[in-house]
Amino acid sequence: MRVIDGMHRLRAAVLRGRTDVCVRFFDGTEADAFVLSVQLNVRHGLPLTLDERKAAAGRIIGSHPHWSDRAIAERTGLSAKTVGKVRRQAGQASHLPSRLGRDGRSRPVSSIDARRSAAAMLAADSEISLRELSRKTGLSVGTVRDVRDRVGRGQDPVPERLRGEEDPAPPARRRAEAHQPSHDVSAAAVAETSLLIRKLTRDPSLRATETGRLLLRMLLTTEVAAAHRAQIAEAVPTHCAPLIRAALLRFCEDLKGLAHMMPPQREQSLR
């Protein structure tokens, strides 16, 4: 019973003393409800800013990665190129082999393999129709026509502008490998920190005071977060990432300040 669209109209009705209004119910998931709210707010009322529409596109990409850039662009009031840029920044440019278009048809993300398949089918049967090629390869009729024309001219069925997409994975793998050593070090550090926190939770001088219990709760929270760091990072919505990153960095600085406030002799006794 949550309002997806029409919050201001509902408020106006309440101010006028009305006790009932006509509504249209939506039955769907939380993610689908968000898509509908964005789509409706793009078309009427106070227009969403460009940043708000980009943030909405990032969230929709996270919940509906199988949708095409054009399908998401239609719902967010952005261009397909802008949605594609948001998708690449989110690191989800090539996670799925195909995407669902505005017409409800699923098409391959990269047309390279499909183009080569179409060229092979043309070589085996030069009389095959464009519609049949389109049905068998998942490409549009216009794309298979382009393949036929290129093959007829003796050219590669894949245009040069697409050949750079044949191996998009190595940069992502290099980034992952570059971060892997730090993950290994962090795992050991997490185990050591966890052992220290467990010792502190058994210290009666901390457990007996409200301030001590507050400190222990804070340490236990950070311990849980460290143990599930990878899962937490993967679950963060794209549009929230910059704010969460800034908050975490500030939190780290605050914790450093608290650590430096500790008396040196107390720090030595913990060792």
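Surface calculation, 1.4 Å probe, protein heavy atoms: I232 sits at approximately 90 Å² accessible. The figure for F34 is an accessible area of roughly 50 square angstrom, using a 1.4 Å probe on the protein chains alone. Legend: residues R161, R229, sorted from most to least accessible area (1.4 Å probe; ligands, DNA and RNA excluded), read R161, R229. Of the residues C252, C240, ranked by 1.4 Å probe accessible area with the largest first, the sequence reads C252, C240. Over all other residues within a Cβ to Cβ distance under 14 Å of T238, the charged ones net out to +4, with Lys and Arg as +1 and Asp and Glu as -1. Computed with every protein chain present, the accessible area of M7 is close to 110 Å² [probe 1.4 Å].
In this calculation the C-beta distance from L249 to L15 is compared with R0 = 51 Å, giving a FRET efficiency of 0.75. All other residues whose Cβ lies under 14 angstrom from that of L36 are scored, Lys and Arg at +1 and Asp and Glu at -1, for a net of 0. When the residues H8, H64 are ordered by accessible surface, computed with a 1.4 Å probe over the protein chains alone, the sequence from largest down reads H8, H64.
Gain on full extension, evaluated as 0.36 nm per residue between R2 and L216 minus their Cα-Cα distance, stands at 73.3 nm.
The values are calculated or read from the model by the stated rules, or taken from the named source; none is laboratory data. Please read all numbers here as calculations on a predicted model, not as lab measurements. When we count neighbours, we look across all protein chains shown, and the Cβ atoms used for this are built from the backbone with ideal geometry, even at glycine. Note: accessible area is taken over every heavy atom of the protein model, side chains too, but ligands, DNA and RNA are not part of it. Shrake-Rupley method; radii C 1.70, N 1.55, O 1.52, S 1.80 Å.
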